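Written below as structure tokens is the structure these notes are about.
Read-outs: derived from the displayed coordinates by stated rules, not from any lab. This structure is a prediction, so every number in the text was calculated from the model and none was measured. So basically every Cβ, Gly included, is an ideal-geometry build from the backbone, and we count neighbours across all protein chains shown.
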Amino acid sequence: MDKNLELIQSEINNLNILSKMNNVDEIIKRSTILIKKYPKVYVFYNFLGQSLEKKNQIYEAEIVYNKSLELDPKNIFVLINLGRISRITNNLKRSEKLLKQALDIEPYNLFALLNYGELKIDQNNFNDAISIFEKIYNKNDNFQNIVMKLANTYSIIGEFKKAEDYLMLATKKTPELFSADYRLSNIINYDKKKDHQKRILEKIKDKKFDNLNKHPLYFALSKSYEDQKKYEQAFEYMVIANKERNKLVTNKPLRYEEFFLNKNKEIFSNFNFRENTNMKFYEKKLIFIVGLPRSGTTLLHQILSTHSQTIGIGESIILNVFFYKNLINDNFLKKINIQSLSEISLHLGEKYDYFESNKIKIDKAPSNFFWIGFILSIFPNSKIINIKRNLQDNCLSIYKNLFGGNRTEWTYDVSNIKKYLKIYKEMMSFWKTKFNDKIYEINYEDLVVNQETEIKNLLNFCNLKFEQNCLQHYKNKNPIKTVSINQSRRPIYKDSVELNLKYKKFSNLFKDI
């Protein structure tokens, strides 16, 4: 064997050992050196890309994978990883192209199929996603928690019986997969069914799970006791759940949110982007629903997306992906002017056109409140609705739920919840001094008490004629991807109003709100 090849193979073996040890930093260091030494060996790019992903350095990983793809355009590993990253960064067209290329090479590559199924979910093509996941399940029913993928997709489209069957199967096949128990708790009413609650308690006591973080079980157990109106026990496990989940938080939550608050104030204090411009802007109507998490954004989304002229696209990542990437870039900030905003408008508008361009799109990502200044500058026909809720109820709802993604790491700590609340209030106060007449505010409690009037006023603000079916939003089959998956399929109910009063100890945690 060529001595050079021997050295390369030896380095690959070393990187494999480091990978098994999960020594990400050392892999990044070594593979970076090896790429400089052997710039045409794509395997080193793959190691580096994977490790950067683990560090959540997605854009850096994308650059590395692109270089690897240049070396070997038919490398299925790179095609799949780039396809996945393109989906995460909201480049859905490129993701589709890359994953199709991978599947052309290997039609039954399960990793390619899995990523293609997840892409279909982002495209709101849920039946296609289910077909793909079922194909994987029939090939290998243990592959990458495919049972969970099927259960979650059925939950999104409101087919709770099928979702429950798959989740039950998951809890039995893989008892340590506690996220299945939590998902199941969002579907089950424990006032009527108590068997699963008993199994959760048995798992918590089971010594073989002592080395695992059991936070999903504690969140599920808390929910089960709330269903049974045993609020003291519910709160006890709620506190344990958050403490356990918070142990997994490594970075400082809210560092970006604090930065964006200050940066928005700096950008928008003295500059009106929309004055005297002949530039082209995206002219189609968009509706943005903003607010705190668990404030009622999903309910508003269901109501408005029932209208014949609208389509709900759920919690879109379009704005968050773009502004998270660019607002921390000094070069981007220096170039903000009418022309650049026109280009941003058309670029982001094209992203919204990806979803059935003839209807008014409704984006209900709560954290879009950070981008209100930009929204009103780049989308002249947009409507912004801010939903507010009793803060004690809102904070309780945040505290008692398990969220996904690293942008919600702040939700498991009382002081961080208060800090986020302060950022939200300060940001909204600033926007109201600038754009008060362009932001419609609605109170969740008013909507619950006076449904028809509030919905008519809401539609009027959106320049939509009243339609009777908006009062029957719970019949809307629009997909729901959030933790509100079950509640928003019910008629408007009053159970959650002043729910915090049932939790006597809860008010001590948030007494200074």
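For the chain, the relative contact order is 13 percent, taking Cα pairs closer than 8 Å that sit 6 or more residues apart in sequence and dividing their mean separation by the residue count.
Based on the alpha-carbon gyration tensor of the stretch 160-203 and its eigenvalue square roots a ≥ b ≥ c, which shape applies: rounded if a/c is under 1.5, prolate if not and a/b is larger than b/c, or oblate? Walk me through the numbers before you get to the answer.
Numbers: a/c = 1.88, a/b = 1.09, b/c = 1.72.
It comes out oblate by the Cα gyration axes.
The label point for ASN189 and the one for GLU441, both projected 7 Å from the Cα toward the Cβ, are 3.6 nm apart. With the cut-off at under 18 Å, measuring from each backbone N in the stretch 328-368 to a point 7 Å along the Cα-to-Cβ line of ARG255 picks out 328-330.
Its Cα gyration tensor gives the stretch 187-317 an equivalent ellipsoid; the semi-axes, largest first and in whole Å, are 43, 23, 12. Fully extending the segment from MET279 to MET21 would add 87.4 nm, taking 0.36 nm per residue of separation and subtracting the current Cα-Cα distance. Alpha-carbon geometry of the stretch 315-474: the Rg and the Dmax are 17.4, 49 Å, given in that order.
Rounded to whole numbers, the Karplus 3J(HN,Hα) couplings from phi for the stretch 22-32 are 6, 8, 5, 4, 5, 5, 4, 4, 5, 5, 5 Hz, using 6.51 cos²θ - 1.76 cosθ + 1.60 with θ = phi - 60°, and x at Gly and Pro. Dimensions of the chain along the principal axes, based on C-alpha atoms and rounded to the nearest Å, stand at 80, 66, 42, largest first.
Ellipsoid fit via the Cα gyration tensor, the stretch 2-116: semi-axes of 25, 16, 13 Å, each the root of five times an eigenvalue, largest first. Amide hydrogen proximity for LYS361: with H placed 1.01 Å from N in the peptide plane, the residues at 5 or more positions away or on another chain lying under 5 Å are ILE287, ILE311. For SER382, nonlocal amide neighbours, meaning residues 5 or more places apart or on other chains whose placed amide H falls under 5 Å from its own, are LEU286.
Per-residue Karplus couplings for the stretch 215-222, computed as 6.51 cos²θ - 1.76 cosθ + 1.60 with θ equal to phi - 60°, are listed in order as 4, x, 5, 5, 4, 5, 5, 4 Hz, Gly and Pro entered as x.
Given the DSSP H assignment, sum -39500 (n - 2.57) over each helix run of at least 4 residues in the chain and divide by its residue total; what's the result at 222 nm in deg cm²/dmol, nearest 500?
Working: 25 runs with 300 residues, N = 513.
So the calculated ellipticity at 222 nm is -18000 deg cm²/dmol.
Placing +1 on the Cβ of every Lys and Arg and -1 on the Cβ of every Asp and Glu, with no other charges, gives the stretch 92-147 a dipole of roughly 180 debye about its Cα centre. The simple Förster model, with R0 at 35 Å and r as the Cβ-Cβ distance, assigns LYS505 and PHE466 a FRET efficiency of 0.20.
Among the trypsin sites (Lys or Arg not before Pro) within the stretch 69-101, those in coil by DSSP and having at most 14 neighbouring Cβ atoms inside 10 Å are LYS74. Extension gain, ASN329-ASP165: 0.36 nm per intervening residue step, less the Cα-Cα distance, totals 54.3 nm. Each Lys and Arg Cβ is given +1 and each Asp and Glu Cβ -1; about its Cα centre, the stretch 1-137 then shows a dipole of about 260 debye. Figure legend: label point modelled 7 angstrom from the Cα of ILE338 along Cα→Cβ; no residues of the stretch 357-399 have amide N under 12 Å from it. Full extension of the chain between ASN138 and VAL497 yields a length gain of 124.8 nm, computed as 0.36 nm times the residue separation minus the alpha carbon distance. Count Lys and Arg as plus one, Asp and Glu as minus one, and take only other residues whose Cβ is under 13 Å from that of ASN394; the net charge is then +3.
The HN-Hα couplings worked out from phi for the stretch 309-315 by the Karplus form 6.51 cos²θ - 1.76 cosθ + 1.60 (θ = phi - 60°) are 9, 10, 9, x, 10, x, 7 Hz, whole numbers, x standing for Gly and Pro. Over what distance in Å are the Cα centres of the stretch 134-198 and the stretch 200-226 separated? Distance between centres, Cα-based: 16 Å. Estimated from the Cβ-Cβ distance and a Förster radius of 45 angstrom, the FRET efficiency linking LYS456 and ILE105 is about 0.25.
Grab the other residues whose beta carbon is less than 12 angstrom from that of ASP206, score K and R as +1, D and E as -1, and report the net.
On the way: positive: ARG199, LYS203, LYS205, LYS207, LYS208, LYS214; negative: GLU176, GLU202, ASP210.
Once all neighbours under 12 Å are counted, the net charge is +3.
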